[in-house]
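Nothing in this text is a laboratory measurement; each read-out follows from the coordinates by a stated rule. Here the structure is a predicted model, which is why all the values come from computation and not from measurement. Glycine gets a Cβ as well: all are built from the backbone with ideal geometry, and neighbour counts include every protein chain shown.
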Amino acid sequence: MKVFISKNIPLPGIENLRNAGVEIAINEKSIPLSREELICACKEVDLLLHVGQGKLDHIFFENCAHLKGIALTSVGYDHVDLQAATKAKIPVSNTPDVLSDATADIAFLLMLAVSRKAFYRAQQVKNGQWKDFEFTKDLGTELYGKTLGIFGLGRIGLSLARKAQAAYHMRIIYHNRHRNTEAEKLVNASYVNFDDLLTQSDVISVHTNLTAETQYRFNQDSFRRMKKSAIFINTARGKIHHETDLSEALQHGEIWGAGLDVTDPEPMRADHPLLNMSNVCILPHIGSATLETRTQMALLASNNLIALKNGNKMPQVINSQVYASE
């Protein structure tokens, strides 16, 4: 079998495939492939190891129905038309678990950076604006003993909750579609409805999948119900918050600050008003961007494809219904 890798991955993932006898073709361009370029590349292979958030839509699957499987290097899969993949009988896998701690680290970093206006203050130093301080100007806010509200208490949210408790003895509340009783025991988390999450949290951190239900869940109405002293953090998907509404809420003082590792769209335009706010910290979607985590993601994705080559089911398959008739 032959695999096309849509962007370069850490060497252990490539060696893993080669050692399993999989022939490899890699896109080594520094820019993402267009849909047409990706379709063309996939015509010559049996498998796709898809890196990044490039969309795999129904047109892609109509043209690449011959593929035996697709391995994503991400936990989220909102960029894939799973219905079209299933119709074409193509199993699709993701990389859960291995990036939980790394992504939680970024949420924690943003929470702390926003609370102390760290990005803004660092930029002042770079701009030569470090002068004698004013005792009451540009003050931050402390996190110790505050309430952390988690929207989507799964693996990443639980990792963040543990860090927040260990560092700042934060109280943990959360809102999920279903209660996470195991997490409740581990971090003494309290399940609340969405309105209580908004009104009680000093920090809200988003760790849910992007679905029709969660898209723009944090909007003008949501921000207006939050505390004026609240910090909003999103390391999940940019479309879970309404970016214009968030910008206006910050400008009008409806919430205190925001930290984003995801935006809508990505990349964010360079003149976006959020980038000039002292109480906002924005990163370029680097939740999993450590050598260790990206290597584990590459290995997990490659192992899913090796399983297919060996006639087995993909261990991390998302659309498991493709195997229903077997």
So how far apart, in nm, are the two label points at Tyr323 and Arg177 if each is 7 Å from Cα heading toward Cβ?
-> 2.1
The range 1-56 to the range 173-221: how many Å between their Cα centroids?
-> 36
Cross-link reach list, lysines versus Lys55, counting only Cα pairs under 28 Å and skipping chain neighbours closer than eight places | Lys2, Lys7, Lys29, Lys43, Lys68, Lys87, Lys89, Lys239, Lys309, Lys313
Stretchable slack from Asp271 to Glu44, in nm (0.36 nm times residue separation minus alpha-carbon distance) | 77.6 nm
Using +1 at the Cβ of each Lys and Arg and -1 at the Cβ of each Asp and Glu in the chain, identify which of Ile240, Ala104, Leu260 lies farthest towards the dipole's positive end.
-> Ala104
What distance in nm separates the simple spin-label points at Asn310 and Glu62, each placed 7 Å from Cα in the Cβ direction?
-> 3.8
Per q in 0.09, 0.11, 0.13 1/Å, what log10 I(q)/I(0) does a Debye calculation on the alpha-carbon atoms of the chain return?
-> -0.52, -0.76, -0.99
Of all the Cα-Cα pairs you can form in the range 100-282, what percent are over 23 Å apart?
-> 37
Dipole size in debye (nearest 20) for the chain around its Cα centre, Lys and Arg Cβ +1, Asp and Glu Cβ -1?
-> 400
Counting only DSSP beta bridges with both partners in the chain, the antiparallel fraction in percent, to the nearest 5, comes to 5
Using R₀ = 45 Å, calculate the FRET efficiency as 1/(1 + (r/R₀)^6) where r is the Cβ-Cβ separation of Asn193 and Lys29; round to 0.05.
-> 0.45
Normalise the Cα radius of gyration of the range 234-275 by 2.2 N^0.38 Å (N = residues in it) and let me know the number.
-> 1.08
Toy charge model, Lys and Arg Cβ at +1, Asp and Glu Cβ at -1: the range 100-282 dipole around Cα centroid in debye, rounded to 20, equals 340
Residues of the range 89-107 with backbone N under 18 Å of the label point set 7 Å from the Cα of Leu186 along Cα→Cβ are 95-107
